[in-house]
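A.B. asks: Handing you a structure now.
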Amino acid sequence: MKTRMFVLAMALALCSCGTGNKNAGKEQKDTTGAGIAQGEEAKVKPKVNVDSMATVIDAERNRIETALKSLQRTTIPTMNLREQIKQKWSKLDFYTDKGQVIRIKSYPHEKISQRTEEFYFKNGKLILAFIEDNGLKNTGKATDRFGKTYYYFNDESFKEINQTNEKETGIRASDSERLLEEANEYLEIFAGQKK
């Protein structure tokens, strides 16, 4: 009797396969957003308020700028650095708080340019980069100066503000990637000087 029941159950299962679902065997699209492809994890980025994040970073930048006189400043001349750096910059100023770099400012050769670049860090990560065409002449607070501002979170740029008439050109659509690379290289230079 048990064998008959088993055979009957198997027959019913085999007969019902492919008849009840006309989409059987086809890849089905998940319209709910809840499904995950087999072997993959969901790659859903949470929605973030970019302007709120930029406001927090601006506040941190202003805090650093206000505290500049009380921070430890270390100046590194570029003459012994790699060619591209020493051709572009005459020196790099590193500002530290409790031994951690929180600001770097690069200075051009005076007779070549007035443009400076500033980098701001939080917990060792770049949070803001600022390019200012007249950076050697302007010494006011960050909010009084104009240039190009790049905001970062977890090593990715999430917002740019260009207050100049200069357009981004070149292979990259933005200078944000180059600035991130420079900032990380400058941190390595500083760490190497401290050894």
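A.B. asks: Once R0 is set to 25 Å, what does the formula 1/(1 + (r/R0)^6) return for the Cβ-Cβ distance between Phe190 and Asn49, expressed as a FRET efficiency to the nearest 0.05?
C.D. replies: 0.15
A.B. asks: If you don't mind, there's one more thing I want to ask. Just how many pairs of Lys in the stretch 41-122 have C-alpha atoms closer than 25 Å, counting pairs that are eight or more places apart or on different chains?
C.D. replies: 15
A.B. asks: Right, next: What accessible area per residue comes out for the stretch 54-129, rounded to a whole number of Å², with a 1.4 Å probe?
C.D. replies: Per residue, the stretch 54-129 has an accessible area of 54 Å².
A.B. asks: Among 79-88, 52-61, 112-121, what's the highest-first ranking by average C-beta atoms within 10 angstrom per residue?
C.D. replies: Taking the mean over residues of other Cβ atoms within 10 Å, the ranking is 112-121, 52-61, 79-88.
A.B. asks: Next question, about the same structure. Any chance you could run the full-extension gain for Asn162 through Asn134? It's 0.36 nm times the residue separation minus the Cα-Cα distance, nm to one decimal.
C.D. replies: 8.6 nm
A.B. asks: Between Arg63 and Gln87, what length in nm is gained on full extension when 0.36 nm per residue of separation is reduced by their alpha carbon distance?
C.D. replies: Between Arg63 and Gln87, full extension yields an extra 5.5 nm.
The values are calculated or read from the model by the stated rules, or taken from the named source; none is laboratory data. These numbers were taken from a predicted model, which means no experiment stands behind them. When we count neighbours, we look across all protein chains shown, and the Cβ atoms used for this are built from the backbone with ideal geometry, even at glycine. For the accessible areas, the whole protein counts, side chains as well, though only heavy atoms, and no ligand, DNA or RNA atoms are used. Shrake-Rupley method; radii C 1.70, N 1.55, O 1.52, S 1.80 Å.
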